[in-house]
Every structure is written in C-alpha cells, then in structure tokens.
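These notes concern the structure reproduced below.
Bear in mind these aren't lab numbers, they're just calculated from the coordinates by the rules spelled out. Bear in mind the structure is a predicted one, so any value in this text is a computation, not a measurement. Reconstructed Cβ throughout: ideal geometry from the backbone, glycine too, with neighbour counts over all protein chains shown.
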Amino acid sequence: MSLMKKSSVLMLVMIALIVPAVALTDNAAGAVNLNSEVQAGGFDDRGAGSVTFRVHNTGEDSVVVNITIVDLENQGTVYYTSSVTVPGEGSTLVTARFTVGSAGSYYGLIKISGEGIDPAAPTSSMSFHFTVDRSMWSNTGTYLVIIAVIAIAGIGIFIKMRSTPKAPVDTGTFTAMEEERKAGRKETGTGKERYKGRSKE
C-alpha cells in the first residue's frame, strides 16, 4: 500500500472518529435551550408576580435542568431557583413566582444549567423586562379614604338616629289610674263631710 493510500485511509478513519464526537458535543450543548418568549406580570411591592417561559429539548433523552432567575444588573440577587425535567424532543412550560420588595422597572436573567448544558452557550440564558407596580395598600391615601368613609357612615347613622321620632308612650293606662285615684279621693272627702254632719246633729 502506497504512502498516499495509507494517508487517505488514516484521514478517513480520523474523520469517522471526529464527526460523531463533534455531533455528540453539539447535541449535549445545544439539546436544551431557552429560545422562548417570556411573559412577566402581576408584580407589585406587596405581592408575587409570575414569569412564564418554555425550556426546549431537541435531544432524544429527557434532561433535568436547573433554572435560576437573577437580577440582570446585580446577578448576586437571586429571585428564583428550581429544577424541571424536560422530555426528549419536547418542551416544558415553567412558571416562576417571586416577589420584589420595591416598585420600579427591572431586568431579569433566566439561566439554565445541568449535565451536558454549556453555560456559555447563547441559548442557556435569556433576559427579560418586568415592572413592579406600587400596591394600593402601600399608599397612605388608601387608608385616608377608608377612614373618611367610616367617619361619614358613622355621622350618617348618628344623624338618622337623632332625627327618627320616638314612639309615642301609651298614656291611656296611666290616665285611667290617675282618674280612679282622684275619684277615690273625692269619695273619701264626701264620707268625712257626712260623718261630720251627723255628729253636729
């Protein structure tokens, strides 16, 4: 076998060995990705909001993926962590709920990690924007309105009670008893006069 033929065979063998290795590496690195639309909403400074997105798996085997959501500008601030299983050649919908203590505009970063996932791959992280509103219960005006409503209701009830006419007192029985007593006095007085009259005779 000539040197040229030996070199060609050796080259073919190397190509045959390198291609599957590269394919496996690409499959491991690119099998799970975050190419998905992110929906974020419902946040206020007193309640949790939600972030919903899909994790895709183009590989044949199911994969356990670790999910972390952090603040984009300060990645030391972790909003959410969890693990999900993504089926082979499928996707998993993830809904992350968490709270942010103060109102404002924020940018978050979703990161996935796990066995075979390259953290440096562009599809292993995804940023999103969300807004944290001010809760009505964080506003002093809300409490002032409630106090005003209670005060107005109390005054209204007081005025209603004062203006309602009192039920008439049934004086019939009292009057009858008074008349009977007066009549009894008259009869007693007449009897005394009669007695005095007889003694004079």
Legend entry - All positions within the range 37-87 that are touching a strand residue (DSSP E or B) at 6+ places or on another chain (Cβ under 7 Å) and without any contact (Cβ under 8 Å) to a residue 12 or more places away in the chain: Gly42, Thr77, Val78
Legend entry - Residue within the range 63-75 that is surrounded by 14 or more Cβ atoms within 10 Å (Cβ to Cβ) and more than 19 Å from Ser127 (Cα to Cα) present: yes
